[in-house]
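Working notes for the structure below.
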Amino acid sequence: MAMNRRDALKSVMVMMGGTMVGSTAILTGCAPEQQIEGLNFSPEDIAFLDEIGDTIIPETDTPGAKATGIGAFMVMMVKDTYDAEQQKTFVDGLNSIRKDFKSTKGSDFVEASAEDRLAYLNGMYEQYKTSKGGEAKVINMLRDLTVLGYFSSEIGATQALNYVEVPGRFDPCIPWNEGDKAYAI
């Protein structure tokens with residue numbers, strides 16, 4: 001029985017629980033029909049997303065998410081693959097984060113310490129796990145977009161992962177030890 005590319009992608013989506021970023025676009029094969037017209041993000045919005053991404057994947061011995069231009073990646077994914085409802089959830093969630101963080105911490109997110117940012121985002125994630133709805137959904141979107149953008153970038157694939165260029169040599173048994181980097185192909 002032959003399986004085409006679309007059926008294979010649908011099978012992967014089902015195995016992953018259908019939570020993959022841009023699932024609407026993958027299943028339909030194109031951008032969703034209903035999107036927010038004129039959805040624009042300012043340079044300040046992109047810088048804000050860079051800081052959120054860098055809080056999720058900070059710089060360690062490898063560059064953080066900000067170094068990959070994660071904010072611009074998130075904007076592209078939201079504009080090109082999210083439907084109108086998802087776009088509204090994302091934009092409303094970002095506005096809520098800005099407003100709530102400033103009222104809670106007394107400063108803007110981008111000016112706050114890494115510890116304050118992380119504590120705030122972790123609190124949002126705990127809220128998401130218990131409520132599964134509302135504005136807390138944006139933390140799941142931000143996490144998924146950050147991980148996808150970072151590990152599919154050149155920096156993530158070559159510096160955070162153990163990159164093997166394809167086509168490469170087939171080696172069915174590769175030694176792996178605890179603490180070794182995962183492989184990217």
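The values are calculated or read from the model by the stated rules, or taken from the named source; none is laboratory data. Please read all numbers here as calculations on a predicted model, not as lab measurements. Methodologically, a virtual Cβ is constructed for each residue, glycine included, from the backbone with ideal geometry; neighbour enumeration extends over all protein chains shown. Surface accessibility is based on the protein's heavy atoms, side chains included, excluding ligands, DNA and RNA. Shrake-Rupley method; radii C 1.70, N 1.55, O 1.52, S 1.80 Å.
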If you check Pro167 against the conditions, is it open to solvent by 40 Å² or more (accessible area, probe 1.4 Å), at pLDDT 80 or above, assigned to a loop (DSSP other than H, G, I, E, B) and on the phi < 0 side of the Ramachandran plot? no
All positions within the stretch 39-50 that are assigned to a helix (DSSP H, G or I) and among the aliphatic types (A, V, I, L, M): Ile46, Ala47, Leu49
Just checking, how many residues over the stretch 108-118 are open to solvent by 30 Å² or more (accessible area, probe 1.4 Å) and part of a helix (DSSP H, G or I)? 6
Restricting attention to the stretch 54-104, which residues are without any contact (Cβ under 8 Å) to a residue 40 or more places away in the chain and either in contact with a His (Cβ under 8 Å, 6 or more places away or on another chain) or polar (S, T, N, Q) (or both)? Thr60, Asn95, Ser103, Thr104
When the residues of the stretch 124-164 are narrowed to those that are under 13 Å from the mean Cα position of the chain (by Cα) and not in a helix (DSSP H, G or I), which ends up surrounded by the fewest Cβ atoms within 10 Å (Cβ to Cβ)? Ser152
If you check Leu121 against the conditions, is it of a type in the set (A, V, I, L, M, F, W, C), at pLDDT 95 or above and surrounded by 15 or more Cβ atoms within 10 Å (Cβ to Cβ)? no
Using beta carbons and a limit of 6 Å, which pairs, at least six apart or on different chains, have the first residue in the stretch 160-171 and without any contact (Cβ under 8 Å) to a residue 40 or more places away in the chain and the second one surrounded by fewer than 10 Cβ atoms within 10 Å (Cβ to Cβ) and small (Gly, Ala, Ser)? Leu161/Ala182
Could you check Ala184 against (1) out of contact with any strand residue (DSSP E or B) (no Cβ under 7 Å at 6 or more places or on another chain); (2) surrounded by 12 or more Cβ atoms within 10 Å (Cβ to Cβ) and say which number it fails? (1)
Just need a number here: residues in the stretch 51-77 that are open to solvent by 50 Å² or more (accessible area, probe 1.4 Å) and part of a loop (DSSP other than H, G, I, E, B). 4
Among Val166, Val147, which is the only one that is closer than 22 Å to Ile56 by Cβ and either touching a strand residue (DSSP E or B) at 6+ places or on another chain (Cβ under 6 Å) or among the aliphatic types (A, V, I, L, M) (or both)? Val147
Give me the residue from the stretch 78-104 that is in contact with a Ser or Thr (Cβ under 9 Å, 6 or more places away or on another chain) and in a helix (DSSP H, G or I) and, out of that set, most open to solvent (accessible area, probe 1.4 Å). Gln86
